[in-house]
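For reference, the structure discussed in these notes is given below.
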Amino acid sequence: MLTVNRAGSFMFAACALFLSSCSKTPHYELSRFVSPETCGGCHDTIYEQWRGSMHSLSHGDVLYREVALKDLRGLTDPDEIKEAEHCVSCHTPVGFVSGMPRKTSDHMKTIPELARKGVQCDYCHSATGARKMYNAELNIDPGHGEDDPGTKRGPYGDSESDYHKTKYSGFHTRSEICGACHDVRHVVFGTKLETPYEEWKRGPYAARGIECQSCHMYQRPGVPATGSTPRPDNPGKAAAGGPERKHVFTHYFAGGNTLVPAMSGDKTIAEMAEERLKHAATLSIAAMAEGGVVKVTVANTGAGHCIPTGLSHVRQMWLEILVTGRGGRVLLHSGALGRDGRLDPSAVLYNTVFGDKTGKPVMNVAQAREILRDRRIEPLANVVEEYRLSDVKETSVDVEAKLWYRLADQKLVDSVMGRGKISVPAVLMASAKKRVRIR
Ligand code: HEC
Ligand code: HEC
Ligand code: HEC
Ligand code: HEC
Ligand code: HEC
């Protein structure tokens, strides 16, 4: 059944049974959206930045699609299937609101070209607000296609374009536009699957008015723009023929992903992600090892949320510690990476772990009913890790500490993509070295 709401968009009053939330999802014809290439005709710099970003790639991302399809297979519980069919709502929001793909299994069909362009210009710039601060429940007001593009909302109060109407939107200047998609909850169980917005909101950056955009939309090559670095303005033009602006918000949206953006051949965003990771944390080693206990402090100095954040049951951030005595004798080595990309099981690992209905750890988010473990570092907070040395005869030892990050466990990627297909890079986020006295 179709009903028409005041804004002239169609509401699906009754949808296929597998999508509990779709009765609330307004429907918009795909033809109402303007392609990013058209926007790029005038906003060429912004378009070039966005084109290689994880937003542009969110539907094309093979890791995402292979995981989504793999997770779907073998599920029998209808509540779990509902979640597994819901992935497309964020990964291709324009496709989802226009009905193709409506569900994850549609990935096996031919999907219209525009819907394959991920989180795109016209979706974000048609947004007027959010119904909820999770699961991509944004309200949008798109135009009627290329010939009648409607109103594009943004941060200026005085901008003019011959092509589209413009409107100031406070929503675009605040973290809420990001949080509406970046906080992810299980559609049936409510399990909090990703929470960067929530972590930001309860943290020190929100209190100081430093928004997601203040870091992520100031970054450009050579300017990491994190909590521990300057975040200078990026003066220039927002459109060809437009006026000079004090700051033009950048659209690279670099995070921690150093792999997928580089797969297309352009390394710019992968390098920016690495730069971002290298300005997120610091390590320090205590000068004294009381009772033979070496202490290493890990501080989140640069991220506006926990490290790691987002998909943190998949992301891996861990400490490697090497303690050597006289003549280079190894007294302790924890957190080393094996030749096949296998992580030492004794490594101090920062991540989250979900539990299924029997309380067992589970990787498939569709089966995530609870959070069994959350070991991450809050913004501007630190944790102290202790390593006990046994049988030390030295009065001092050399300690080397390294903080590493990778997108996912190599074994997990092998199980999804096939062995030897993709080698997951590890990024060195921070390191420290010290001669430590034993007491
Ligand atoms: C024919 C050229 C042209 C095209 C095509 C175009 N724009 Fe614009 N747009 C402009 C100009 C010029 C401005 C004004 C820039 C300024 O004031 O600095 C502008 C301003 C904007 C603003 C700022 C609005 C504000 O008030 O803050 C947004 C957002 C925007 N455009 C988005 C888009 C999107 C999305 C598309 C594609 C659907 C698009 N534009 C297509 C020329 C264009
Ligand atoms: C994920 C959502 C999102 C996507 C996708 C996106 N933008 Fe933006 N854009 C924003 C936000 C948010 C701002 C304003 C940031 C602020 O004020 O804090 C912005 C600002 C702008 C502006 C104002 C000038 C500036 O950069 O400061 C223009 C023009 C613009 N975007 C055009 C585009 C075009 C063209 C595309 C596609 C190539 C695009 N945007 C894709 C969210 C998005
Ligand atoms: C329509 C939903 C949506 C909105 C709105 C949105 N994002 Fe995203 N964003 C995504 C999705 C989906 C991905 C991940 C794609 C993937 O990894 O396959 C992503 C990826 C990212 C990444 C890259 C993560 C990585 O691992 O490298 C960053 C950074 C990011 N977004 C920041 C922002 C910021 C800042 C805003 C607000 C200005 C925003 N996003 C708004 C959906 C959204
Ligand atoms: C003070 C600066 C700062 C602010 C504010 C900030 N971030 Fe980040 N963000 C970072 C840094 C540094 C990293 C890299 C470390 C990491 O991956 O956690 C990052 C990484 C990310 C990632 C990639 C996570 C991963 O490893 O897959 C996402 C997604 C993201 N941020 C989203 C957001 C959103 C959404 C907001 C607002 C709610 C936000 N960020 C606010 C600095 C910031
Ligand atoms: C409410 C929005 C939303 C929904 C729904 C969603 N995702 Fe995502 N997904 C994101 C965001 C945002 C990121 C980026 C987070 C980060 O980088 O930490 C992401 C990243 C990913 C990645 C990492 C890709 C990479 O290149 O590392 C995978 C895999 C993924 N999602 C799978 C899924 C699956 C499977 C589902 C459905 C069960 C799903 N997502 C549903 C928002 C969503």
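Taking θ as phi - 60° and the Karplus parameters 6.51, -1.76 and 1.60, the scalar couplings of the stretch 249-256 work out to 5, 7, 10, 6, 6, 6, x, x Hz in sequence order, x denoting glycine and proline. Near the amide H of THR128, within less than 5 Å, lie the amide hydrogens of ASN139, ILE140, ASP141, all on another chain or at least 5 residues away, with H placed in the peptide plane.
Determine, from the Cβ-Cβ distance of ARG373 and HIS27 and an R0 of 35 Å, the FRET efficiency 1/(1 + (r/R0)^6), rounded to the nearest 0.05. Calculated transfer efficiency: 0.30.
What's log10 of I(q)/I(0) for the stretch 280-438 at q = 0.08, 0.16 Å⁻¹, Debye sum over Cα points only, no solvent? The Debye formula, applied to the Cα set alone, gives -0.27, -0.96. Under a 10 Å cutoff between Cα atoms, tell me which one of LYS132, LYS152, LYS246 has the largest fluctuation in the Gaussian network model of the chain. Maximum fluctuation in the GNM of the chain, among the listed residues, is at LYS246. For the pair the stretch 345-415 / the stretch 167-233, the C-alpha centres are spaced 24 Å from each other. Here, the stretch 132-201 is characterised by an Rg to Rh ratio of 1.11, where Rg is the alpha-carbon radius of gyration and Rh the Kirkwood radius.
Quick one: compute the contact order of the stretch 2-274, relative version, from alpha carbon pairs under 8 angstrom and 6+ residues apart, as a percent.
Relative contact order comes out at 16 percent.
Look at VAL67, VAL94, VAL62 and count the other Cβ atoms within 10 Å of each Cβ; fewest to most, that gives VAL62, VAL67, VAL94. Between the Cα long axis of helix 62-72 and the first principal axis of the chain there is an angle of about 90°, rounded to the nearest 10. Please list, in order along the stretch 428-436, the HN-Hα scalar couplings obtained from phi with the Karplus expression 6.51 cos²θ - 1.76 cosθ + 1.60 (θ = phi - 60°), rounded to whole Hz, x for Gly and Pro. Using θ = phi - 60°, the values come out as 7, 7, 7, 8, 7, 9, 7, 7, 10 Hz.
Could you tell me what percent of the DSSP beta bridges with both partners in the chain are antiparallel, to the nearest 5? DSSP beta bridges in the chain are roughly 90 percent antiparallel.
Take MET54, MET417 and order them by how many other Cβ atoms sit within 10 Å, fewest up front.
Numbers: MET54 21, MET417 16.
With the sparsest Cβ surroundings first, the list reads MET417, MET54.
Using Cα atoms only, what is the angle between the long axis of helix 268-277 and the major principal axis of the chain, expressed in degrees (0 to 90) to the nearest 10? Computed tilt is about 50 degrees. Working note: Karplus 6.51/-1.76/1.60 with θ = phi - 60° gives the stretch 50-56 the couplings 5, 4, x, 7, 5, 5, 5 Hz, where Gly and Pro are set to x.
Given the stretch 280-438, what count of lysine pairs have C-alpha atoms under 17 Å apart, with each pair 8 or more places apart or on different chains? Provide the component values of the computation, followed by the final result.
On the way: LYS295/LYS402; LYS295/LYS433; LYS295/LYS434; LYS402/LYS433; LYS402/LYS434; LYS411/LYS421.
Lysine pair count for the stretch 280-438: 6.
Please find the FRET efficiency linking ARG439 to VAL223, where r is the Cβ-Cβ separation and R0 is fixed at 35 Å, and quote it to the nearest 0.05. Efficiency for this residue pair is about 0.20. Take every DSSP beta bridge whose two residues both sit in the stretch 71-215; close to 55 percent of them are antiparallel.
Among TYR134, TYR123, TYR163, the largest mean-square fluctuation in a Gaussian network model of the chain (Cα springs under 10 Å) belongs to TYR163. Between LEU193 and VAL184, ARG185, HIS186, the built amide H atoms are under 5 Å apart, and every one of these is 5 or more places off in sequence or on another chain. Residue exposure proxy: LYS103, LYS201, ordered by other Cβ atoms within 10 angstrom of their Cβ from fewest to most, comes out as LYS201, LYS103.
For the stretch 2-274, evaluate the Debye formula with one uniform point scatterer on each Cα (no solvent term) and list log10 I(q)/I(0) at q = 0.09, 0.12 Å⁻¹, rounded to two decimals. For the stretch 2-274 at q = 0.09, 0.12 Å⁻¹, log10 I(q)/I(0) is -0.42, -0.77.
Values in this text are rule-based calculations from the coordinates and carry no lab data. Not measured: the values here are computed from a predicted model. A quick note on method: Cβ atoms are made from the backbone with ideal geometry, for glycine too, and the neighbour counts reach across all protein chains shown.
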